[in-house]
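One structure is given here, and the rest of the page talks about it.
The values are calculated or read from the model by the stated rules, or taken from the named source; none is laboratory data. Given the structure is predicted, the values throughout are model-derived calculations rather than measurements. Counting neighbours? That spans all protein chains shown, and the Cβs are built from the backbone with ideal geometry, glycine included. SASA here: full protein model, heavy atoms, side chains in, ligands and nucleic acids out. Shrake-Rupley method; radii C 1.70, N 1.55, O 1.52, S 1.80 Å.
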Amino acid sequence: THKSNYLISNLFSVKAIREVLTLSPTFKTSPSLNQPNSSYLSLEQPTLSFLFHEPKEIKWAALRIYFDFDGSISPVFKLKKKRDAKNGKIYTYYQVQFECEVQIAETNPSLVTDLLKICEDLGLRARIKKDSRNWSKLCGIIISHLPSVRKFLQVGPMTDVKISLKSRNFTGVSKRTIVNAVSDFLISGNSLSKYFDNKKEALKYRNSLVRKFLEIVKKAPSSRTKDNGQG
C-alpha cells in the first residue's frame, strides 16, 4: 500500500503472460498518447469473449470483479415536476421516485459490447453510457431497469472494496455496504414512487426518505454473506 492507499500487485512471469494472452490477444484498452483513435482501433482489440461459453457462475464472478474495480452504485431520490392536461386545463404535481443505477466504467468499444453480451446472458437489462469527453465517446454500461438492479444486488461485489473519492456522498464506504443498504430499502415497504400536489410536501417526503436511507447505510452490514451468483 502506498500514500494513496492503493493496493498494487505485480506478476513477473513469462508463462503467466502466455496463458493470459490465450484469453485475449491484447490487454491494451485505449490508444497511446498521440496515437490516432483510428490507428488503435485498426489493431486487435481486447476481448471478454473467452467468457461467453463459460457457466453462469463464472460470468457472475467476472462481472462482480469488474464491478469491484470499475463499478459504482448510485441510489437517488428524484423530485420531478409533472404536468398533465385534463379537460382543457394543465395540472401541475410532483413525483418523488427512488431510482438506482449500477454502472461499470469502460471506454473500449469492444469491451463495452462484450459487457452487454455478458449482462444479457445473465438476464440483466443493460445499456451503453456515452460521454463525449472520452476518446471513444463511451463511458461504459448502466443497469437501471429495477428488476435487473434487484438481480445484481442479490450477488453484489466480490470484495469489500471501498468507494473512491469521486463519490459525493459515500467516499470511504464499501460498495457492499451500499448494495446491502439498497437491498434493505427495497424490501422495507417504503413507496418507490409517490405523488404530491405541492412541491413543499414532496420535498419534505423526499428528505425523509433520504434520512431513512442514510440510517440504513449506517446500520447495513458491510460484509453480509452473498450467494455464489448462480441466480
For the stretch 194-199, what does the Karplus curve 6.51 cos²θ - 1.76 cosθ + 1.60, with θ = phi - 60°, yield as ³J(HN,Hα) per residue in whole Hz, taken in order and with x for Gly and Pro?
9, 10, 9, 6, 10, 5
On the protein heavy atoms, probe 1.4 angstrom, tell me the percent of accessible surface of the chain carried by carbon and sulfur.
53
Taking every other residue with Cβ under 14 Å from the Cβ of ASN190 and scoring Lys and Arg +1, Asp and Glu -1, one gets +1
Taking the convex hull of Cα positions in the stretch 57-131, its mean projected area over all directions (nm²)
7.5
Past the 30 Å Cα-Cα mark, which pairs from LYS130/LYS175; LYS78/LYS137; LYS56/LYS212; LYS78/LYS162; LYS81/LYS219; LYS162/LYS212?
LYS56/LYS212; LYS81/LYS219
Where Rh is the Kirkwood radius over the Cα pairs of the stretch 134-228, the temperature 10 °C and the viscosity 1.306 mPa s, what D in µm²/s does Stokes-Einstein return?
104
Where the only charges are on Cβ atoms (+1 Lys, Arg; -1 Asp, Glu), what is the dipole of the chain about its Cα centre, to the nearest 20 debye?
1320
Can you give the Rg and Dmax of the stretch 1-125 based on its C-alpha atoms, in angstrom?
21.6, 75
Please list the three semi-axes, largest first and in whole Å, of the ellipsoid equivalent to the chain, using sqrt of 5 times the eigenvalues of its alpha carbon gyration tensor.
37, 22, 18
Net charge near TRP135: determine it from the other residues with C-beta under 14 Å of the C-beta of TRP135, scoring Lys and Arg +1 and Asp and Glu -1.
+2
I'd like to know how the stretch 92-195 sits against the 2.2 N^0.38 Å rule of thumb: what's its Cα Rg over that expected value?
1.19
Going highest first, how would you order 206-213, 25-32 by mean Cβ packing within 10 Å?
206-213, 25-32
Which one of CYS139, PHE196, ILE163 is farthest out on the positive end of the charge dipole of the stretch 117-198, using unit charges on Cβ (Lys, Arg +1; Asp, Glu -1) and the Cα centre as origin?
CYS139
In Å², what does the accessible area per residue of the chain work out to with a 1.4 Å probe?
63
